[in-house]
Each structure stands twice: as C-alpha cells, then as structure tokens.
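Have a look at the structure below, then the notes.
The values are calculated or read from the model by the stated rules, or taken from the named source; none is laboratory data. In this text, all values refer to a predicted model and were calculated from it rather than measured experimentally. Positions of Cβ are generated from backbone atoms using ideal geometry, with glycine treated the same way; all protein chains shown enter the neighbour counts.
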Amino acid sequence: MAYLATFHWGWLLGALLLGFGMGWIAVVHRGPGISRSTARWLAVLAVVVVAAALARVVPGRPGYWLDLALILLAVYLVGCAAGSWLRDRVIARHGTAL
Amino acid sequence: MRGLFRWSSKWWPGTIPLAVLWAFACWNGTAPLESDLAARAAAALKDTVLDKAKIAAAGRDITFAADAFSEDGRRSAVASVEAVPGVRLVNDETRLVPEAKPFVWSAERDVVRVTLGGSAPLPAIKGRLLDAARNTLNGVEVADRMGLARGAPPRFDAAALLSIEQIGKLRDGKITITNNQLSLSGMARDLGGREAIAAALKNLPEGFSVAANEIRAPPYIFQAYKDPVASTLTLTGYVPDNNVHAALVASAGRKFFNEKVVDNLKTSVGAPVGFAAAVNPALGALSRLSTGTLVVTDREAKLSGDALYDAAANEIRADLARDMPRGWLAKPEISVKPAPSPVDATVCQQLFNDLLGRGRIRFEAGRAAINSDSAGLLDRLFETASRCPTVTVEIAGHTDADGDDHFNQALSEKRAQAVVDYLVKAGLPPERFKAVGYGSGQPLAGNDTDEGKAQNRRIEFLVR
C-alpha cells in the first residue's frame, strides 16, 4: 500500500482534489442524489470488490488495476468528505454571521 | 454525521472523471511499475546463488523461476522476493538444480583447445575452474561445456583445480573426475611430464583417489641429419644428460670431419636403456653416408641415406645391426649413390690432398688398427681412388718422434699397409697401391707440442 502510494502519489493527489471539489459542490447541489436502494447495492458491490482485492483472487495486471481503482476511490471519498465538511463549516459560519 | 450521509448521495458524478483518471493511471503506470518491481526483486536476489534465475512481473505479481543449489537457498530466495515492497503475489517456479549421479567432471585437451565438461557444483566454482584453466594454459582456447548439478563430493573444487594444472602438462588427453575417482589418459607434453603428473597426483585432496592413470610419455627422439650441400650435421631431440651430450657432440666432431656440427639437443630424462651405446655407432654409420638421416625413437634406430659404394652399403647395414645394444632394433634403409665421373691423375691428387687436409685417418694409440671414427673419411678416399682407376697411389705413413725409431718406422709401415688393406678389402685392386712407411723422418711440425705431434702422425696419398 505504502509502495503504491509513493509510486502513484500524483494520481492519488488528483483523485483527492477531484473528491475535494466534488464534496465542496455536493453541499449546495440541488439535483437528485442516488436513491437509498441504489446506495445499498453500491455498498454491497463495494464490499465484494474490496473482499476480492484483499483475497487477491484477481491475478496479474487486472489485480493491480483493481487495487489501484480501490485506492483512487478511497482517496476520492476522503476528499469528498473533507470538501463537504469544510463547505458546511463555511456556510454555517456565514449563516451565524448573518 | 447525518450531513455526510446526505451529501454523500451527491458525490457520484465525480466518479466519472475519477474513472478517466484511473484509466490514465493504468495506461501510463503499469509498465514502469512492472519494471520497477522486477528490478527491486532482482536486486533482492543479488547475493543469492541461483542458476537460470528469471523474474517476470505482471502488474504487482512476480513470476520467479530459478534453479537453486539447496532447499534452504531456494526457500530464502522466494522469501526475499516476497519481501520486496509492492509485490503482491509471487508465482514460485523455483526448483532445485538436478542432482548428478554419479557426479562427473572432465577436462579434455586436443590440438586446438581445452574443453571443460560435466558438472560443477556452483557457479562460483565453475568460474574459478575456468579462470584457473585460462591461467594455466595461457593462450590456449578454453571451451566451457560445464553444467551445474548437485551431488559433488566434498573438496571437489580442489581436486578439479589440481586436474586443471595437470591438463597443462598434457599434449592431448583427458582427466575425468567421477565422484571421488580420477582417471587420466593421453600423452604428456614433455619428457618427464608423465612423472611430474604422477607426483602431483599424490597431493590429491583427502577422499579422492586415482582410478586409472594411463598417461603416456612422449617418444624419446634423437635425430641427426647430414646435409652435404650445407656441409652440416644437425643434431636435434633429446639426450639423457650433459655428459652424454658432450660425449656425443665430441664423437660427432671426430666422425664428421667435413661437416659443421649444429647442436640443437636438449637434455631430458626418460631415455631408453643403452641410448648412448646405440646412438654412437649409428652416428658412425651415418658419417659413412653421402647424405642421410638418423632417427632414434625409443629403442629403434632408423638410418636412411646414400652410401658411397656397394661394399660400404652392405658393411653399414651389417655393422649397424651388430653394434646395436640388446633389445634395440636397427632399420637401415641404405641405397648407393651413383658413381662420380672419372678424373685424371692431377685432379685425383688434389682431391686426396683436399680430403686429408680436412680430416686425418685415426689409429688406435701405438697400434696399426684404424679407429672406427675414420670410416667416413676412408670411404671418401676410396671413392676418390676409384675415380682415377689407372693411377698408382703411394700410401705413406708417418709418425711423431715419440718412442723408438725402429718402432716408429715399423708402425708407420703397418699403418700405411692397414689403409691399403682397407681399400683393397673394399674392392680396389691391390696392385694400384704401395704402402710406404717413413717413421718420424718427415715431420710437418715440431715434435715438442702435442699439436705438432698430432700433425706429424699422418697418412698421405701420393699419386705416382
């Protein structure tokens, strides 16, 4: 993991910034979100894929690509969370200032 | 926390550019990552002794194939590849180097090269053997046909290094180590080489023994070539020691009165028994030939060339066979040189003077018996005498002034007569020769030095 992080730090930084931006927007976004049932399916899918990666059942290059995708996704989600939380704080402070 | 859940339902649009990002990362990053991991794995194996190590990376999975020299070595090699950071899985295709039974190693020398074959226990030992071969045989091509195998006996490397040293002493041959037995065959490079190898084999490492030593010694060759054009006698080959060498060269100098002796002899052990006793008479026989070659190989003396006349040819054949020591074989291949054209009396006298100016007829001290060293000169005098068949020749004997005058007078007469007898026995008519003795009455030089006396003791041929 540490090896992948050092080898792909550029791409991971990209994913983090992308997530941060997405998170920043998501707080004030008025469009439809994904439904609860879709979210449940996605969560199951995520568990299966993570389990596959941890069990190392996918061989060779696809296995590596899967690992990379999961790491990018994780970093992206961290970025999203950070972005949304910060945006929320900014809005809250602004609101109290009003 | 509830906020996060709410917001997270709207994070999904970013996954589309994320997927694009991922695709780019895969596209650009896979090959560099694979080569980086392969290089790290190879570096991790740097100090491990393996044969045919092959590392291939697919993604983060390493396929590792190699031949290891022990089970422990194999396991630790796989473990060190697994420990490389970033490696996800190791496809272990390692195996142990096959065990050779029996463990055979060989070094073979032929005309152009030395070939090392069979099995070596480790790459380092293989390299050491090759280096040793190149150093020992500097200049000779060394071909490596060695494979790697387990199962070498302890101290194999020392035994193989010793064998390589011995291969340097061979002209051609093969040394094979089978388990802990050595077998040797071939021919030594120099005389004495066989003995040197046998001595070196006493230092074999513990546990090794010689199963068969069939190294042959090179033939002991002595050659003499009489070249009438260059007027040289060339001696080549071996003599047993310096004493024999000096005696042989001195004897050649006496026998070949007309030729310069070119001495290219080398001293070496390994001479056949009776070497000097065989070579000396054979050289005497060669001195009677007009042109010829003497080859002494082990216990065989082969003499080929042209005698000056028929009787001489027969005599040379008979003498050579008679004079060889026991166990020796004489092989004379003597032909007869065509008779030279006749000349008149004046030229005949000149030819006699010329011959006797270069060599003297020698006798046993104080006696009238002709020394066998003078046979070559007498043959030439005979040849000259037969070129002027009509003339009568006075053969005059002279002595030095030592001793009693009467004795000297009688001795000079007897010696002159001995020469006449030789020529008559060889086939010339007796009425053509007249033996005369002058005692010490006609000295050529002073009788006060050994040199002067030697000049005075002489036979002269005078055409009448």
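Those residues that are in a strand (DSSP E or B) and under 20 Å from B:P325 (Cβ atoms), I need them from the range B:236-264; list them, please. Show your work before the answer.
Residues of the range B:236-264 that are in a strand (DSSP E or B), as a first pass: B:236-239, B:260-264.
Listed by number, the residues that qualify are B:G237, B:Y238, B:V239.
Report the residue count in the range B:374-416 for those that are more than 25 Å from B:S251 (Cα to Cα) and under 50 Å from the mean Cα position of the chain (by Cα).
So the answer is 4.
All but one of (1) free of Cβ contacts under 8 Å to residues at least 60 places away in the same chain; (2) more than 19 Å from B:D450 (Cα to Cα); (3) in contact with a Gly (Cβ under 9 Å, 6 or more places away or on another chain) hold for B:S372; state the number of the condition that does not hold.
Answer for B:S372: the failing condition is (1).
Of all residues in the range B:46-63 being under 52 Å from the mean Cα position of the chain (by Cα) and under 23 Å from A:R61 (Cβ atoms), which is nearest to the other protein chains (Cβ to nearest Cβ)?
Residues of the range B:46-63 under 52 Å from the mean Cα position of the chain (by Cα): B:46-55.
Next, from what is left, pick out any that are under 23 Å from A:R61 (Cβ atoms): B:53-55.
Values: B:A53: 20, B:K54: 17, B:I55: 15 Å.
Step by step, filter the range B:46-63, then rank; the result is B:I55.
Out of (1) surrounded by 15 or more Cβ atoms within 10 Å (Cβ to Cβ); (2) at the interface with chain B (Cβ under 9 Å from one of its Cβ atoms); (3) not in a loop (DSSP other than H, G, I, E, B); (4) not hydroxyl-bearing (S, T, Y), what's the single condition that is false for A:L16?
Failed condition: (2).
Of the residues that sit in the range B:6-45 and are more than 8 Å from chain A (Cβ to nearest Cβ) and β-branched (V, I, T), which one is nearest to A:A2 (Cα to Cα)?
Among those that are more than 8 Å from chain A (Cβ to nearest Cβ) and β-branched (V, I, T), it is B:V20.
Can you tell me which of A:A39, A:A46 is surrounded by fewer than 18 Cβ atoms within 10 Å (Cβ to Cβ), more than 9 Å from chain B (Cβ to nearest Cβ) and not in a loop (DSSP other than H, G, I, E, B)?
Numbers: A:A39 fails: more than 9 Å from chain B (Cβ to nearest Cβ).
Answer to the selection: A:A46.
Check off (1) of a type outside the set (D, E); (2) touching a residue at least 40 places away in the same chain (Cβ under 8 Å); (3) in a helix (DSSP H, G or I) for B:T291 and give me the number that stays unchecked.
So B:T291 meets the others, but not (3).
Could we say that A:A2 is at the interface with chain B (Cβ under 8 Å from one of its Cβ atoms), over 17 Å from B:L18 (Cβ atoms) and not β-branched (V, I, T) here?
Numbers: at the interface with chain B (Cβ under 8 Å from one of its Cβ atoms): yes; over 17 Å from B:L18 (Cβ atoms): yes; not β-branched (V, I, T): yes.
Judged against the criteria, A:A2 is a match.
From (1) in a helix (DSSP H, G or I); (2) farther than 22 Å from A:L54 by Cα; (3) within 14 Å of chain A (Cβ to nearest Cβ), pick out the condition that doesn't hold for B:A77.
Going through (1) in a helix (DSSP H, G or I); (2) farther than 22 Å from A:L54 by Cα; (3) within 14 Å of chain A (Cβ to nearest Cβ) one by one, B:A77 breaks only (3).
With the requirement that a residue be of a type in the set (V, I, T) and more than 12 Å from B:D400 (Cα to Cα), what does the range B:432-452 give you?
First, the residues of the range B:432-452 that are of a type in the set (V, I, T): B:436, B:449.
Scanning the range B:432-452 gives a single hit, B:V436.
Return the residues of the range B:444-464 that are surrounded by fewer than 17 Cβ atoms within 10 Å (Cβ to Cβ) and among the basic types (K, R); say none if nothing qualifies.
B:R464
So which of B:I361, B:I334 is β-branched (V, I, T) and not in a loop (DSSP other than H, G, I, E, B)?
Numbers: B:I361 fails: not in a loop (DSSP other than H, G, I, E, B).
None of the others qualify; the one that does is B:I334.
Have a look at A:G33, A:G23 and point out the one that is facing chain B (nearest Cβ under 10 Å), touching a residue at least 60 places away in the same chain (Cβ under 8 Å) and either more than 19 Å from B:A58 (Cα to Cα) or not basic (K, R) (or both). Outline the logic, then answer.
Details: A:G33 fails: touching a residue at least 60 places away in the same chain (Cβ under 8 Å).
Result: A:G23 is the single residue among A:G33, A:G23 that is facing chain B (nearest Cβ under 10 Å), touching a residue at least 60 places away in the same chain (Cβ under 8 Å) and either more than 19 Å from B:A58 (Cα to Cα) or not basic (K, R) (or both).
Of the conditions (1) surrounded by fewer than 18 Cβ atoms within 10 Å (Cβ to Cβ); (2) assigned by TED's automatic domain parsing to the domain that holds B:D421, B:T267 clears all except one; give me its number.
B:T267 satisfies every listed condition except (2).
Can you tell me which of B:K10, B:K46 is over 19 Å from B:A77 (Cα atoms) and not in a helix (DSSP H, G or I)? Let's see the steps before the verdict.
Working: B:K46 fails: over 19 Å from B:A77 (Cα atoms).
Only one candidate passes the filter, namely B:K10.
Looking at the range B:123-136 only, could you name the residues that are touching a residue at least 24 places away in the same chain (Cβ under 8 Å) and touching a strand residue (DSSP E or B) at 6+ places or on another chain (Cβ under 7 Å)?
B:P123, B:L129, B:A133 - these are the residues of the range B:123-136 that are touching a residue at least 24 places away in the same chain (Cβ under 8 Å) and touching a strand residue (DSSP E or B) at 6+ places or on another chain (Cβ under 7 Å).
Scan the range B:375-387 residue by residue and report those that are surrounded by 21 or more Cβ atoms within 10 Å (Cβ to Cβ), out of contact with any Gly (no Cβ under 9 Å at 6 or more places or on another chain) and either among the small types (G, A, S) or assigned to a loop (DSSP other than H, G, I, E, B) (or both).
Listed by number, the list holds a single entry, B:A385.
Tally the residues that are at the interface with another protein chain (Cβ under 7 Å from one of its Cβ atoms), surrounded by 15 or more Cβ atoms within 10 Å (Cβ to Cβ) and either without any contact (Cβ under 8 Å) to a residue 40 or more places away in the chain or touching an Asp or Glu at 6+ places or on another chain (Cβ under 7 Å) (or both), restricting the search to the range A:49-72.
Qualifying residue count for the region: 6.
Please pick out the residue among B:T390, B:T346 that is loosely packed, with under 15 Cβ neighbours inside 10 Å, modelled with pLDDT under 90 and of a type in the set (V, I, T). Don't jump to the end; show me each part of the working.
On the way: B:T346 fails: modelled with pLDDT under 90.
When all the criteria are applied, what remains is B:T390.
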